[in-house]
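The values are calculated or read from the model by the stated rules, or taken from the named source; none is laboratory data. Not measured: the values here are computed from a predicted model. Cβ atoms come from the backbone with ideal geometry, glycine included; neighbour counts cover every protein chain shown. These area figures cover heavy atoms from the full protein model, side chains too; ligands, DNA and RNA do not enter into them. Shrake-Rupley method; radii C 1.70, N 1.55, O 1.52, S 1.80 Å.
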Amino acid sequence: LSLSLIFCGANIAFAEESGGFVGFGIGGGGTQWKASKGGESGKVNYSGLNYGFVGGYKQFFTPYLGLRYYVNVDLHHNMSKVGDETKALKHIIANYGANVDFLGNFVSTEFVDFGGFVGVGIGANTLTGKDIEYMKTMYENSGEKFNTTGFDVWLNVGLRTNIATNHGLEVAVRVPFLPVTMFN
């Protein structure tokens, strides 16, 4: 489950008019690794810092209803240690894809707009980093396939506001639908 806490963006177009936009996001997120072999299984939870960029186009049909189409590139840096280990597993999860969100404003004035959004995204997750490359080499040398990229589909939901015509602030949650299988 990935949780993006704050998602700031500077819109190129005026508030709630159709036009292009770019944005930057920062927040926290989590990753859960599950493993099983020979009837035994276990799981480990990691958490860390997320940051990313978005860019796209928003299209309003009325002051209260619209759609936006955009691409995202998000990076998750692991900051957790496992059990008694002295160091964290060094890895980065890159999430990238294309999104479509339905926009609905509860309040729409000349100076501020406030509403919510719900949408879907489709893309991929890629695992990278020194420890991931070591694990990949180790598993492939033992004859197992190790995938570092996997298909991803997710739900976007949150609240949003535009202030002073061209600045936006969002609180968003991204819920993935598919696990990424790295190895058998």
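Odds and ends about this structure:
- With a threshold of 30 Å on the Cα-Cα distance, the over-threshold entries among 43/145; 34/130; 58/130; 43/136 are 58/130.
- For residue 163 and residue 120, a Förster radius of 30 Å and the Cβ-Cβ distance give a FRET efficiency of 0.65, rounded to the nearest 0.05.
- Local electrostatic count at residue 52 - Lys and Arg +1, Asp and Glu -1, tallied over other residues with Cβ under 13 Å: -1
- If you bin all the Cα-Cα distances of the stretch 96-184 at 5 Å, starting from zero, the percentages per bin are 3, 12, 16, 14, 12, 11, 9, 7, 6, 4, 3, 1, 0.
- Computing FRET efficiency as 1/(1 + (r/R0)^6) for residue 175 and residue 140, where r is the C-beta to C-beta distance and R0 is 30 Å, gives about 0.40.
- Förster radius 41 Å - calculated FRET efficiency between residue 149 and residue 64 (Cβ-Cβ, nearest 0.05): 0.55
- Surface accessible to a 1.4 Å probe, per residue, for the residues of the stretch 84-184, Å²: 56 Å²
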